[in-house]
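Let me begin by presenting the structure, written as structure tokens, before commenting on it.
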Amino acid sequence: MSRIAMVEAASPIDLPSPLIRADLAWALFWPETPAGSLPKGGGHAFMPLSRWLWESLGRVTGFLRTGSAETVWVLAPPCEPSARELLTRLLSFWSAEVYWVPEGDAPCTDFSGYENRWLPPVQDVYAKPEEGSVWDKAAEKSGQGEDRYLMPALGVGRVDMKVQVVNPGTASVELHSHSTLDEYYLVLSGRGTLRMASHRIPVGPGSLIAKPSGPDLTSQILADQNEPVVVLDIEAFTSPTGRKDVCVCPDENLMILQGAGWWSTVPLTNMEPIE
């Protein structure tokens, strides 16, 4: 296992190999975002560069990777605190030692004078976000409430998680099913109604709701008790990449084809058998 040293610099500097050029990736994956900042749009918008960084790290280091270099270097642009935190969180999955090395000190071989910036993969979902943190920037607001994404700050893999605040009088999402992902909801606070297929079930704090793939079971949470409902929404995909899913929304008479290589919305009548 390697230590990881991150250097922030406004222009390229010479660093030893293996070197991961996050500075170049910024413009490639987030072309409309200033270098060193996180893109707007919540945690889903953070995923492209994060997935690239995750896969790049997997090619050079890891806790069971023998023969890896003593130090893996990461060159990043000068970062805002939230972007620095996201990078550090991702790096911390791949090494127990993560250092921020000033540009003027890099490269170096002695890290005894630097603080280990390793961050644990832990997020208090009840905590009020600290302004400027990744948890703060991960929110996406809508008329229905707010989605605050836990990924990629808690890793890049087969699972997506978010904390969803459903405003009174609204629904968590359209009544829907999934073909290739397992979905689970844990109600953290508030009381509402689970609409599942033709049934309506009261739910409240501690209610854990299962919707595994296979039966194409539809679900939706209604905040119909004059209070917000806060839900931990967990989605588990069959693969971390190449995800494809058929999402059926019967109320809207729509079928959504989503994932790598396709993205279409078609009427449910398209599922009728050909005579």
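Each value in this text was obtained by applying a stated rule to the coordinates, not by laboratory testing. Bear in mind that the values here come from a model prediction, so they are computed numbers and not experimental data. Please note: Cβ atoms are built from the backbone with ideal geometry, for glycine as well, and neighbour counts cover all protein chains shown.
Kirkwood Rh over alpha-carbon pairs of the stretch 22-105, then Stokes-Einstein at 20 °C and 1.002 mPa s: what D in µm² s⁻¹, rounded to an integer? For the chosen part, D equals 157 µm²/s. From most to least packed by mean Cβ count within 10 Å, the peptides 180-192, 23-35, 76-88 give 76-88, 180-192, 23-35. Globularity index of the stretch 161-275 is 1.12 (Cα radius of gyration / 2.2 N^0.38 Å, N = number of residues). Per-peptide packing, taken as the mean over residues of other Cβ atoms within 10 Å, places 162-171, 202-211 in the sequence 162-171, 202-211 from highest down.
Over all pairs of different C-alpha atoms, the stretch 1-144 has a mean inverse distance whose reciprocal, the Kirkwood radius, equals 15.9 Å. Ignoring lysines fewer than eight residues from residue 141 along the same chain, the ones with Cα atoms less than 23 angstrom from its Cα are 40, 128, 162. With Cα atoms as the point set, the stretch 1-57 shows a radius of gyration and Dmax of 12.2, 35 Å. Distance between the pseudo-spin-label points of residue 197 and residue 254 (7 Å out from Cα toward the beta carbon): 2.5 nm. Scoring 104-110, 226-232 by mean Cβ neighbours within 10 Å over their residues and listing the highest first yields 226-232, 104-110. Per residue, the average separation of C-alpha pairs within less than 8 Å and at least 6 apart gives the stretch 139-240 a relative contact order of 37 percent.
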